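> This structure is in structure tokens; I'll ask about it shortly.
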Amino acid sequence: MAHIDLSAGTIEYTDTGGEGPVVVLVHGLLMDASLWDGVVADLAPDHRCVIPTLPLGAHTNAVRADADMSLAGIAGLISELLDKLDLHDVTLVGNDTGGLLVQFVMAEGDPRVARAVLASCEAFDNFPPGLPGKTVAMIGKLSPRMFGLFMQQMRLKPVRRLPIAFGRLTKRGDAATKRWMRPLLKQKEIRRDVVGILRAAMRDKEAVVQVGERLRDFKLPALVVWATKDRVMPLDHGRRLAGLLPESKLVEIEDSYTLIALDQPVRLAQEIRAFIATR
């Protein structure tokens, strides 16, 4: 695991290296780079995969006190990373809230991005998304100390598997969700960051709607991958996104919830590889 200093602070990232096409993979809220382990295992032999752990709640290095924790601010960290690592012709991939952050980068027209992949993510007015999103937004109103006390329940698998937690986000990824909880359960600085993120995000609800409309101007190739059984990110939104983006393709995936990177990593990797090769 490497480290890099960005405007918000120091973040960790993995870079598989190599001379293949560059793929940058972005995780969602209360997750880390390990969301992409299965996808990267498939892509890494012939692609350079860069996977940051953004300050979204499962990070281990607290952000600076003056960091911009808005959705646009965190999306800006992605562009900073591309710039600092001098990456070009990037395929930018996001799942869950990572897909929403990718939309912000797409809307800004980052010249280092050549194509984008949106996998089951927030879009349009679906923010906060579903039961999990509304629940975490509500408890984000608590103080960091009270937030931490509430989240202690997430040590228990039956709680993590509830529909208001990760139960509707992944069918078979509980080991990962347990790991993602550790930083905020152990570090008060991370709990402070998470509460700040949640409060800033709730102030950004109109920006989420606006960024969706700005995607009409994204003229580069885009792949929209959606779980057909997703109960958090409506399948209709995936179809709408594909219709909105001028140069897009839609792929629907069975036997998966929102976190396709966990539930169907090989299939997702295959779709990403084929998309890069044909575009």
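The values are calculated or read from the model by the stated rules, or taken from the named source; none is laboratory data. Model, not experiment: these values are computed from the prediction. Cβ sites come from the backbone with ideal geometry, for glycine too, and all protein chains shown count toward neighbours. Calculation scope for accessible area: heavy atoms of the full protein, side chains included, ligands and nucleic acids excluded. Shrake-Rupley method; radii C 1.70, N 1.55, O 1.52, S 1.80 Å.
> Please find, within the stretch 229-252, the residue that is most open to solvent (accessible area, probe 1.4 Å) out of those that are in a loop (DSSP other than H, G, I, E, B) and closer than 26 Å to Ile164 by Cα. Step through it out loud before you land on a result.
Initially, the stretch 229-252 is screened for residues in a loop (DSSP other than H, G, I, E, B), giving 229-234, 245-247.
From what is left, the residues that are closer than 26 Å to Ile164 by Cα are 229-234.
Values: Lys229: 115, Asp230: 17, Arg231: 151, Val232: 6, Met233: 0, Pro234: 50 Å².
Step by step, filter the stretch 229-252, then rank; the result is Arg231.
> Among the residues of the stretch 232-249, is any over 19 Å from the mean Cα position of the chain (by Cα) and among the polar types (S, T, N, Q)?
Yes, the stretch 232-249 contains a residue that is over 19 Å from the mean Cα position of the chain (by Cα) and among the polar types (S, T, N, Q).
> I need the full set of residues from the stretch 77-132 which are more than 15 Å from Ser248 (Cβ to Cβ) and β-branched (Val, Ile, Thr), in order please.
Ile78, Val90, Thr97, Val105
> Oh, and also: Would you mind telling me which numbered condition in (1) over 24 Å from Ile260 (Cβ atoms); (2) under 19 Å from the mean Cα position of the chain (by Cα); (3) at pLDDT 95 or above Ile197 fails?
(1)
> Listed residues Asp230, Asp236; which is within 30 Å of His59 (Cα to Cα) and of a type in the set (D, E, K, R)?
On the way: Asp236 fails: within 30 Å of His59 (Cα to Cα).
Only one candidate passes the filter, namely Asp230.
> Here is a follow-up. On the basis of being surrounded by fewer than 16 Cβ atoms within 10 Å (Cβ to Cβ), free of Cβ contacts under 8 Å to residues at least 24 places away in the same chain and of a type in the set (Asp, Glu), does Asp255 make the cut?
Details: surrounded by fewer than 16 Cβ atoms within 10 Å (Cβ to Cβ): yes; free of Cβ contacts under 8 Å to residues at least 24 places away in the same chain: no; of a type in the set (Asp, Glu): yes.
Against the criterion (surrounded by fewer than 16 Cβ atoms within 10 Å (Cβ to Cβ), free of Cβ contacts under 8 Å to residues at least 24 places away in the same chain and of a type in the set (Asp, Glu)), Asp255 does not qualify.
> Mind listing whichever residues of the stretch 41-62 are among the hydrophobic types (A, V, I, L, M, F, W, C) and open to solvent by 20 Å² or more (accessible area, probe 1.4 Å)? Steps first, answer last, please.
Pass one, the stretch 41-62, residues among the hydrophobic types (A, V, I, L, M, F, W, C): 41, 43-44, 49-51, 54, 56, 58, 62.
Listed by number, the residues that qualify are Ala41, Ala44, Ala62.
> Can I ask one more? For the stretch 24-32, does any single residue satisfy the condition of being under 16 Å from Ala119 (Cα atoms), open to solvent by 10 Å² or more (accessible area, probe 1.4 Å), among the hydrophobic types (A, V, I, L, M, F, W, C) and outside any strand (DSSP E or B)?
yes
> Might you check whether a residue that is among the basic types (Lys, Arg) and within 18 Å of the chain's Cα centre (by Cα) occurs anywhere in the stretch 106-120? First the steps, then the outcome.
Narrowing the stretch 106-120 to residues among the basic types (Lys, Arg): 112, 115.
From what's left, within 18 Å of the chain's Cα centre (by Cα): 115.
Yes: one or more hits.
> Something else now. Taking the residues in the stretch 63-99 that are of a type in the set (Gly, Ala, Ser) and assigned to a loop (DSSP other than H, G, I, E, B) as candidates, determine which candidate is most open to solvent (accessible area, probe 1.4 Å). Even if it seems obvious, please write down each step before you answer.
If we filter the stretch 63-99 for residues that are of a type in the set (Gly, Ala, Ser), which is where we start, we get 65, 67, 70, 72-73, 75-76, 79, 94, 98-99.
Next, from what is left, pick out any that are assigned to a loop (DSSP other than H, G, I, E, B): 65, 67, 70.
Numbers: Ala65: 105, Ala67: 21, Ser70: 24 Å².
Result: Ala65.
> Conditions first: (1) in contact with a strand residue (DSSP E or B) (Cβ under 6 Å, 6 or more places away or on another chain); (2) open to solvent by less than 70 Å² (accessible area, probe 1.4 Å). Pro265 passes all but one, so which condition is the exception?
The one condition Pro265 does not meet is (1).
> Given Glu12, Glu19, which one is assigned to a loop (DSSP other than H, G, I, E, B), charged (D, E, K, R) and open to solvent by 20 Å² or more (accessible area, probe 1.4 Å)?
Numbers: Glu12 fails: assigned to a loop (DSSP other than H, G, I, E, B).
Just one listed residue meets the conditions, Glu19.
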